[in-house]
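Colleague: The following block contains the structure, expressed as C-alpha cells.
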There are 4 protein chains.
Amino acid sequence: MEKNKNEMESVPRSREDDYSDEAIETRRRWIKEKTGVELKHMAAHSVTGKDVEGNIENFIGVVQVPVGLAGPLKVNGEHADGVFYIPLATTEGALVASYSRGMRAITESGGAEARLFSDHTQVTPMFVFRRTGEAAEFLDWVDANYDRIKEVAESTTRHGKLLKIDKYLIGRRAALRMYYYTGDAMGLNMITNASDRAARFIEEQVKPESVLFPSSMGTDKKSAAINMVTGRGKRVSVDVVLPEEVVEKRLHTTPRAMAQGFLTTVVGNAQAGTLTQSMHPANGLTALLMATGQDVAYVPDSVATITTMELTEEGGLYVSLYMPCLILGTVGGGVSLGGFREALEIMDCYGAGKARKFAEIAAAAVLGGEISTHAATITGEFSQAHNRLGRNRPRE
Amino acid sequence: MEKNKNEMESVPRSREDDYSDEAIETRRRWIKEKTGVELKHMAAHSVTGKDVEGNIENFIGVVQVPVGLAGPLKVNGEHADGVFYIPLATTEGALVASYSRGMRAITESGGAEARLFSDHTQVTPMFVFRRTGEAAEFLDWVDANYDRIKEVAESTTRHGKLLKIDKYLIGRRAALRMYYYTGDAMGLNMITNASDRAARFIEEQVKPESVLFPSSMGTDKKSAAINMVTGRGKRVSVDVVLPEEVVEKRLHTTPRAMAQGFLTTVVGNAQAGTLTQSMHPANGLTALLMATGQDVAYVPDSVATITTMELTEEGGLYVSLYMPCLILGTVGGGVSLGGFREALEIMDCYGAGKARKFAEIAAAAVLGGEISTHAATITGEFSQAHNRLGRNRPRE
Amino acid sequence: MEKNKNEMESVPRSREDDYSDEAIETRRRWIKEKTGVELKHMAAHSVTGKDVEGNIENFIGVVQVPVGLAGPLKVNGEHADGVFYIPLATTEGALVASYSRGMRAITESGGAEARLFSDHTQVTPMFVFRRTGEAAEFLDWVDANYDRIKEVAESTTRHGKLLKIDKYLIGRRAALRMYYYTGDAMGLNMITNASDRAARFIEEQVKPESVLFPSSMGTDKKSAAINMVTGRGKRVSVDVVLPEEVVEKRLHTTPRAMAQGFLTTVVGNAQAGTLTQSMHPANGLTALLMATGQDVAYVPDSVATITTMELTEEGGLYVSLYMPCLILGTVGGGVSLGGFREALEIMDCYGAGKARKFAEIAAAAVLGGEISTHAATITGEFSQAHNRLGRNRPRE
Amino acid sequence: MEKNKNEMESVPRSREDDYSDEAIETRRRWIKEKTGVELKHMAAHSVTGKDVEGNIENFIGVVQVPVGLAGPLKVNGEHADGVFYIPLATTEGALVASYSRGMRAITESGGAEARLFSDHTQVTPMFVFRRTGEAAEFLDWVDANYDRIKEVAESTTRHGKLLKIDKYLIGRRAALRMYYYTGDAMGLNMITNASDRAARFIEEQVKPESVLFPSSMGTDKKSAAINMVTGRGKRVSVDVVLPEEVVEKRLHTTPRAMAQGFLTTVVGNAQAGTLTQSMHPANGLTALLMATGQDVAYVPDSVATITTMELTEEGGLYVSLYMPCLILGTVGGGVSLGGFREALEIMDCYGAGKARKFAEIAAAAVLGGEISTHAATITGEFSQAHNRLGRNRPRE
C-alpha cells in the first residue's frame, strides 16, 4: 500500500511560480530526502530559474559541460569571412586538440571555402483517408488551395515563410512535406506552429479520417535519407586544398596516404551500412552545438554528410565536406542562455543575421575534424593522442 | 603581413600546467582582448581546471545546461527494479513535461519490463593487402592466431575482454570487427587501446600494405545498419501494457487511435528512409546522456531503434522499444565530473556494477517519451504543449 | 604459348551480318567444338536473328522461360478499368498459384483501386570543378541557361520532355538530376541520349575539370532512397478492402491475424534494414516484367515499396501497396519481341497509350502477391504450398 | 450480373493433368476467345508441359529471351580456374558487347582473382509472445534446445545443414535467424522446409502467441543491410590489376581517370542513398541469372555490393568487386530446364559440385561489367555504344 503510494509520488512543483529559487530549492531538498544525493555542483549555476523558464520543466540545477577553444580556423565563405576560434563543449579528452590541429592545417592552407546552397526546414502533417482515390483527390485540393494554406500557416509567425509543399500519396495516406524559411532561428517550433494551424484548417475543410501531426515523415532527430536528398536546415559545402608540406608537418603523413586511406573509409562505411559517408562528423559538431545552446538531439539528422579526399594534380590533398542537414540557429531556443550566448559571441555569431555565417563556420570546423581524425587513423596516432590527453590510459 | 601573422595565432597555452587557474584565466583574458567577449557565465564553474584534465584541452570554462527532473518511472528489469526519477538536460521547453507524462503512464500501468539482451562494443581495424587472395590468407592467419591476438589486446586493460572477431573480406581489404566486453565503462577508449595494440602486433607479423585504425567500419558516432544487426553497447528491450483508462486519462486518446496512428508513423518512416523505426528516441536520450556526462556524440548510433504499438486482446495498448545500440557507462569518461555524477546518483547509477541498471532505466525513460510524443501527435496537442511550456509562442 | 593464344580467343562474329542464320549457327558450332555443348533448346526459337538485332550481341539462341496465367484481377484505376489475366514468367513453383489466389481475393472484394501519382524518369550527369565555389557558380549558370539546356536535350527525341532539373552541390561536384517524361517507353535510352547531348553542350560551355555521365546518382538498377523520395518511372498506389469472409475463405485466416502479423513484418524489415517496407514485391513483379520483355535489371529499383495492412472499422482488412519506382514501358526495348508482345496483348497493354494502364495493373498484381504471401506466412501454409506445387519436396 | 459472373471466371485448369498438351492448348484457346490474342511465339517451345511441372502453374507457353555470349573471361579462383565464355540473356542492346569488353580487359590483364569467403543462406521464423521477458526466456530455451531444433530441421533434407542460429529480441518478438549450408542448390525451398518443420516443433513446445514464417527478416528478394553484414548465399570477392596499356587500348581512358571518376561514383551513390556501392552490378548479373534458370527475383538481394577502383604504385588500375549475397545454384529449381542447363554447361557449371565455381565466375563476369560501364561513363561513350548497338537511336 505504502509502496504503491510512493511509486506515484510526483516531483514537487510550485503552482505559483515553479521557477522561483524557493521552488527549485524545494525540489533539491526533496531529492536529498528521497535519494540522499545533495546537488552541490548542479546548484552552482549563474543562470537563474527565471532565465531557464521556457527551456525546462522541474528545474533542479545545471550540469557544467567543459568548454575548450579550438582554432585558429580561417573560413572563406559568403557569410563567414575571416579567422575564427571555435568553442567546443565535451568531456572527451583529445577532441579539442585534434579538431584544433585540423583547423590549423586548413588555416595554413589558406582557409576553407564555404558555400551555403539551400536554407529551409520541413514539417510534415499526414492525413489518412478511406481509400487511395480519396487521398489522391485531397492532394488535388491542396494544389487548388495552396494560397489559403500558405496564408493560414504564415499567420502564426513573423519570420517563417512557406516555400513549397511536396506531396506524397502512399495508399490511403497523404503527406504534405511543408518547406519553410525560418530566418536566423533553427525554427522547428515556429514552423510546427505554422503547420499545426494549417493542418487544423485543412482538417476542418476536408474531414479526413485522421491526422498525424507532426508525423514521423518530418524525421526530426533521426538520420533520414529524405533529408540527404532534399536538404534540411542549412545545406553547406566546404572544401580546402592542403599542400603537401602542410599535410606532412601538421598531419605527419602524405596526401597520397590520406587519399588512399580515404578509399578504405568508403569501403568501411559501405560495409557498415552508414548513411554518413564521412569519418566522424558527429564528434565536433556535437561539441560545437552543445557549446552554443543548440538542440543537440538534431545531431543524428546533421551527420548525414559526405566527405571526399583526393590527390590534386599538384600533389596536394583536396578535402571536401558536404553537410546537407545543418540544423542550428542564432536566435531563439537556448542560444541566449548564459555561456551559450558567450560561445556564439566568441565567433561573432549571436543574434539576427548570423545563422548562415554560423553554418559556414560550423561546417568548416567539422572539416577540420575530418582531416585530423582521418590522418590519425592513417598514421596510427589515434590511440596515442587519446592516451596522452585523455583519462583512460592503457596498462603497460 | 600583419594579417597573416594574426591568422596563425594560437590559443594561449601554459607549458607548465595548462589546467591551472592562471592558464585558464589567461585564455579568458585573451578572448576578451581578441573578441571583446567577457566570459562571465562560462567562468562560473564549480568544477575546477584540475577536475577537467583528461576531458578537455584549451579549457575556457563551462556551459551550464539546465536539468529538469522527470518521473516517477517504474522499471521492472533484471538490473533495475524500482521507481526512478530521471534527470534530463535540455533547453527544449516541454521535453521534461512530455517525458514525465509518458513515464507516469508507464508507472501507473505497473511499470516497464526491461531485458538486456547483449552487452559488447566493437572496434574495427582494416588491413589492406595487394590482392584479395592475400587478404583471404591473412584471415586464415587470424583464425590460427586468435589466442595470441586476444592476449595482446587484453594486455592493455584490466576490464576489457575480447569476445570474438567477425572477419570481412572486401576485395584486397580485410576487416576485423573485434567485439569486447567493457564492464561498466562505455569503454571506447579502453577497446581502442586494446585493438591498437593488437593491430600493431598484427602489422608486425603480416606486413600488410597499410592499416587503417580505427576504421570507419567501427561506425563510431554514425547511424549504421551493422550495429542494428549485431548490437553495440547495451542491447535492451523494454515494454509496457497501458490499460485503456491510463491512455485516456494521461494521454487523452484511446489505445485504438494510438495503434492506428502508429501505422502512419511506420509509413512516414519508410517514406523518409530512416534507420530508426520509432518516433523520437533521440530527444530524451540526448537529454539523459547529457545530464549524466556521457559522450553525446553517440546519439546517432543509439537512435537506431524499433518501437511498436499494438492493441491487446483486452483493449489496452502494448508498447515496446528496442534499443540495440545503447552506448553509455557509469565509470570513466565524464561521469565523475560535478553534476554528472550527481545526476547518476539520483538514479543510484553511479560507479561500478551499475551500467546495465542504467541501460534498463535509460530505455524505459525513452519508452516514456515514445508514448507521450506519439499521443501528442495523435491528439493534436503537440504544438499546444510546446506553446504553453516553450519559449516561442505563435502570433495570434 | 598455345594456351595464351586460346585464352584470348574471341566469340566468332560475322563482319557482314552478325544476325544472319549462318553467323548464329557458326557461333553454336564453335561452342560445340569448344565446350562439347550442343545448344538444342537454345536453338529452338521462333524469333529470328533479325528480330533480336538491337537487343543483343553475339546471339546464340534463346532461353525459354515458362509462363503461367494468373487471375482474374479486377482493377479500378484511372487508366486500367476492368478484369485482367496476368502472364507471369518464372521457374518458382507455387508463385503463379499464390499470386492468383491473392488476385482472386482482390477481385471478389470488388477490385483494387489504383492511382498513378507521378510519371517521370531521371538521369544525372555530374560535373567536377576545382573548388566548391566554382561548382556553385556553375549551378547558377544552369539556372540562367535552363531553356537552352532543355532545347538541346529535347532535340534528340520526339517523345521525351525535360520536366525539371534538381541541382546538387557536393564539395567540388555539381550534379544535375534531370527529370523527363518519356511517354509510353520505359525511356532510359531516350533520356540518356537527351542528357548526353545536354552534358556535351554544357561541357563545351563551362569547361569543367571532368564529367561523369551517366553518373551513379542516376541510380540505375539499384535500390536507392532518392527514388523512394522523388519517384522514378511510374509512381502508383493501389489498395483494396478485403471483407472478413473473403479473408477466411480465400486466405484461411482473419483480418485481425493479418493486421497483427503485419506488424511483425514491419519489425522484421526494420531489424533487417531493408529499403522495402513490404513482403515480397520482387517476386511477382520480376515474373511480370520478365513475361513482358521489360528490363528486369530494374527490379532492385522497383522493389522500394511500402505495403500496409489494417483492420477496418467494419472488421475487414485494408491493404495498400505504394510503388514509387515502377520502371516499365509498352513500346521500345524488348516489348515487341515474340512472346513478350503476346503477354502484353493478353492484358491489352501493348503499344502507344498503354504504359500507365500497364503500371496500374502491375501494381494491382503485386498487391495480390502481398496479400497471398502474407497470409501464407500467418497460417503456416507457405512451405506446404511450395511442397505441393514445387520441385523440391522435403524428406519424410 | 453477367458481368459479375465473368469477373470471377478462372483460368481453365485440368483436374487430371494440368501439364498435358491438351490442358495447355485449352488455356491458349481460352485466351484467344477471351482476348483475341493468339499465342504463336509463346506456343513455340521445345520444353514440354511435363518439363515445367514444379516450376509453374497455369502454364500457357514460354517467352524466349535472347542469349548472347560474352567473353573470353579468365578467372583465377579456388573453384573456377580457366577461361570462360558467359551466356547473358537480355533485350538491352550493348549489354553483351560492353560486358565482353570488360571481360577481355580482365583476361588480357591475366585474369580475375576470386575468393569465396562464406557460403550459407538464412531463413527466419519470428515468434510473438506476450511480453519481452517471456520472449527473452524463450531465447534461453532455444539455446538449451539447439541440438533438438537442429535435428528436427535437418530431418527434412539430405543436403541442408543448420550451421547456427542468430537470435533477436525485439520487444515481445523473438526472431531466429537460422543459417544453413545448402550444397549446390540455391536452397531456399530446402531450408524453408527445414525451418518450417523446426518452427512447428518449437511452436508445439513453447506455445507462443503467434508465429510468422517465413518472416520478412529473412529478407528474401529485397536489398537488406543485414545480408551485407552477414553474407547470404555465396560471399565472393574478385579483383584484377589492369595495366595502363590495357586500360588505354580496351577502355580508351587512363587508370588515373578511372580512379578519379570512381570517387565521383562514390559521391553519387552516397547522395542517392544506395545500399550498393558499385556502378551497375544488376545489369550483367540479371542477364547471367536469367540465362541459367536462377531465381531472378533475388537480384535485389545480390546487388548489395562494393566496388573499388584504385591507382596502383606501378600506374595500373586495381579494381575489386565484393558480392556478399550471391544467391544461385547449379542443381534444383529451374536449372535443368532446356536452355538453362545448356547455358550452365557452356561454363561447365551444371550439376553437383559446381555452385562455388559458378559463383566465382559470376562475380568475375560482373567485375567485367563494372570496369566497362565505368569506363564508358568516363569517356562519354556510354550513349554512343547504346546508339550504335541498341534499338533506340536519337533524332539528328
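The values are calculated or read from the model by the stated rules, or taken from the named source; none is laboratory data. If you're wondering where the values come from, they're calculated on a predicted model, not measured in any experiment. Reconstructed Cβ throughout: ideal geometry from the backbone, glycine too, with neighbour counts over all protein chains shown. Each accessible area value is taken on the protein alone, full model and side chains, heavy atoms only, with ligands, DNA and RNA left out. Shrake-Rupley method; radii C 1.70, N 1.55, O 1.52, S 1.80 Å.
Colleague: Could you grab me the full set of residues in the stretch D:166-187 that are away from chain B (no Cβ under 11 Å) and either open to solvent by 10 Å² or more (accessible area, probe 1.4 Å) or touching a His at 6+ places or on another chain (Cβ under 9 Å) (or both)?
Modeller: Listed by number, the residues that qualify are D:Y179, D:Y180, D:Y181, D:T182, D:G183, D:D184, D:A185, D:M186, D:G187.
Colleague: Continuing with this model, one more query. Are there any pairs, at least 6 apart or on different chains, whose C-beta atoms fall under 8 Å, with the first in the stretch D:374-389 and at positive phi and the second open to solvent by 30 Å² or more (accessible area, probe 1.4 Å), and if so, which?
Modeller: D:G380/C:R200
Colleague: List every residue pair whose Cβ atoms lie under 6 Å apart, where the two residues are 6 or more positions apart in sequence or sit on different chains, the first residue falls within the stretch B:152-169 and is closer than 21 Å to B:A135 by Cα, and the second residue, located anywhere, is open to solvent by 10 Å² or more (accessible area, probe 1.4 Å) and assigned to a strand (DSSP E or B).
Modeller: Close Cβ pairs satisfying both conditions: B:L169/D:F117.
Colleague: Looking at (1) in the same structural domain as A:P243 (by TED's automatic domain parsing); (2) open to solvent by 10 Å² or more (accessible area, probe 1.4 Å); (3) in contact with a strand residue (DSSP E or B) (Cβ under 6 Å, 6 or more places away or on another chain), which one does A:M103 not meet, given that it meets all the others?
Modeller: (2)
Colleague: Applying the selection to the stretch C:85-98, what residues are open to solvent by 20 Å² or more (accessible area, probe 1.4 Å) and either over 23 Å from D:A44 (Cα atoms) or basic (K, R) (or both)?
Modeller: C:A97, C:S98 - these are the residues of the stretch C:85-98 that are open to solvent by 20 Å² or more (accessible area, probe 1.4 Å) and either over 23 Å from D:A44 (Cα atoms) or basic (K, R) (or both).
Colleague: Could you tell me whether B:H41 is at the interface with another protein chain (Cβ under 7 Å from one of its Cβ atoms), assigned to a loop (DSSP other than H, G, I, E, B) and buried (at least 20 other Cβ atoms within 10 Å of the Cβ)?
Modeller: No, not satisfied.
Colleague: Going by the conditions given, is C:Q122 touching a Phe, Trp or Tyr at 6+ places or on another chain (Cβ under 7 Å) and not in a loop (DSSP other than H, G, I, E, B)?
Modeller: yes
Colleague: Is it the case that D:A304 is of a type outside the set (S, T, Y), within 22 Å of C:R232 (Cα to Cα), touching a Leu at 6+ places or on another chain (Cβ under 6 Å) and not in a strand (DSSP E or B)?
Modeller: Here the answer is yes, as D:A304 does meet what is asked.
Colleague: I would also like to ask the following. Being at the interface with chain B (Cβ under 7 Å from one of its Cβ atoms) and touching a helix residue (DSSP H, G or I) at 6+ places or on another chain (Cβ under 6 Å) is the filter here; which residues of the stretch A:288-305 pass it?
Modeller: Once the filter is applied, which keeps residues that are at the interface with chain B (Cβ under 7 Å from one of its Cβ atoms) and touching a helix residue (DSSP H, G or I) at 6+ places or on another chain (Cβ under 6 Å), the stretch A:288-305 yields A:M290, A:A291, A:G293, A:V296, A:A297, A:V299, A:P300, A:V303.
Colleague: Restricting attention to the stretch A:173-190, and to residues there that are assigned to a strand (DSSP E or B) and not hydrophobic (A, V, I, L, M, F, W, C), which single residue is farthest from A:H120 (Cα to Cα)?
Modeller: By that ranking, first place goes to A:R173.
Colleague: Sticking with this one: Test of understanding: among D:L212, D:L242, D:L162, which residue is assigned by TED's automatic domain parsing to the domain that holds D:V75 and more than 19 Å from D:F358 (Cβ to Cβ)?
Modeller: D:L242
Colleague: If you don't mind, another one. Hey, can you tell me all the residues within the stretch B:249-278 that are outside any helix (DSSP H, G or I), open to solvent by 10 Å² or more (accessible area, probe 1.4 Å) and either modelled with pLDDT of 95 or more or closer than 23 Å to A:L169 by Cβ (or both)?
Modeller: Within the stretch B:249-278, B:H252, B:T253, B:T254, B:G273, B:T274, B:Q277 meet the criteria.
Colleague: Starting from the stretch C:312-332, take each residue that is under 17 Å from C:S372 (Cα atoms) and list its partners that are open to solvent by 10 Å² or more (accessible area, probe 1.4 Å) and among the polar types (S, T, N, Q), counting only C-beta distances under 6 angstrom and pairs at least six apart or across chains.
Modeller: C:Y318/C:T312
Colleague: Among the listed residues C:V83, C:V47, C:V96, C:V65, identify the single one that is at the interface with chain D (Cβ under 7 Å from one of its Cβ atoms) and in a loop (DSSP other than H, G, I, E, B).
Modeller: Exactly one of C:V83, C:V47, C:V96, C:V65 is at the interface with chain D (Cβ under 7 Å from one of its Cβ atoms) and in a loop (DSSP other than H, G, I, E, B), namely C:V47.
Colleague: Out of curiosity, is C:V319 on the phi < 0 side of the Ramachandran plot and within 14 Å of chain A (Cβ to nearest Cβ)?
Modeller: yes
Colleague: Please pick out the residue among A:A375, A:A352, A:A343 that is more than 17 Å from A:Q294 (Cβ to Cβ) and either open to solvent by 40 Å² or more (accessible area, probe 1.4 Å) or assigned to a helix (DSSP H, G or I) (or both). Reasoning before the result, please.
Modeller: Working: A:A352 fails: more than 17 Å from A:Q294 (Cβ to Cβ); A:A343 fails: more than 17 Å from A:Q294 (Cβ to Cβ).
Going through A:A375, A:A352, A:A343 in turn, the sole match is A:A375.
Let's see how each residue does on (1) more than 7 Å from every other protein chain (Cβ to nearest Cβ); (2) closer than 21 Å to C:T377 by Cα; (3) touching a residue at least 24 places away in the same chain (Cβ under 8 Å):
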{"position": "D:S215", "(1), (2), (3)": "no, yes, yes"}
{"position": "D:D220", "(1), (2), (3)": "no, yes, yes"}
{"position": "D:K234", "(1), (2), (3)": "yes, no, yes"}
{"position": "D:E245", "(1), (2), (3)": "yes, no, no"}
{"position": "D:G261", "(1), (2), (3)": "no, no, yes"}
{"position": "D:G268", "(1), (2), (3)": "no, no, no"}
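Colleague: I'm checking my understanding of the structure. Among residues of the stretch B:188-209 that are among the hydrophobic types (A, V, I, L, M, F, W, C) and surrounded by fewer than 19 Cβ atoms within 10 Å (Cβ to Cβ), which one is nearest to the other protein chains (Cβ to nearest Cβ)?
Modeller: B:F201
Colleague: Provide a single number: the residues in the stretch C:191-218 that are part of a helix (DSSP H, G or I) and either at positive phi or of a type in the set (V, I, T) (or both).
Modeller: Residues meeting the conditions: 4.
Colleague: What's the number of the only condition in (1) of a type in the set (V, I, T); (2) without any contact (Cβ under 8 Å) to a residue 40 or more places away in the chain; (3) assigned to a strand (DSSP E or B) that A:V299 fails to meet?
Modeller: Here A:V299 clears every test but (3).
Colleague: Quick one: how many residues across the stretch A:130-165 are more than 9 Å from every other protein chain (Cβ to nearest Cβ) and in contact with a Ser or Thr (Cβ under 9 Å, 6 or more places away or on another chain)?
Modeller: Residues flagged as more than 9 Å from every other protein chain (Cβ to nearest Cβ) and in contact with a Ser or Thr (Cβ under 9 Å, 6 or more places away or on another chain) within the stretch A:130-165 amount to 5.
Colleague: Right, here's the next one. Evaluate the following for A:V52: is it buried (at least 24 other Cβ atoms within 10 Å of the Cβ), farther than 30 Å from B:S10 by Cα and in contact with a Ser or Thr (Cβ under 8 Å, 6 or more places away or on another chain)?
Modeller: For A:V52, the condition - buried (at least 24 other Cβ atoms within 10 Å of the Cβ), farther than 30 Å from B:S10 by Cα and in contact with a Ser or Thr (Cβ under 8 Å, 6 or more places away or on another chain) - is met.
Colleague: Take the stretch C:108-119 and flag every residue that is within 18 Å of C:E78 (Cα to Cα) and either more than 14 Å from chain A (Cβ to nearest Cβ) or open to solvent by 50 Å² or more (accessible area, probe 1.4 Å) (or both).
Modeller: Matches in the stretch C:108-119: C:F117 only.
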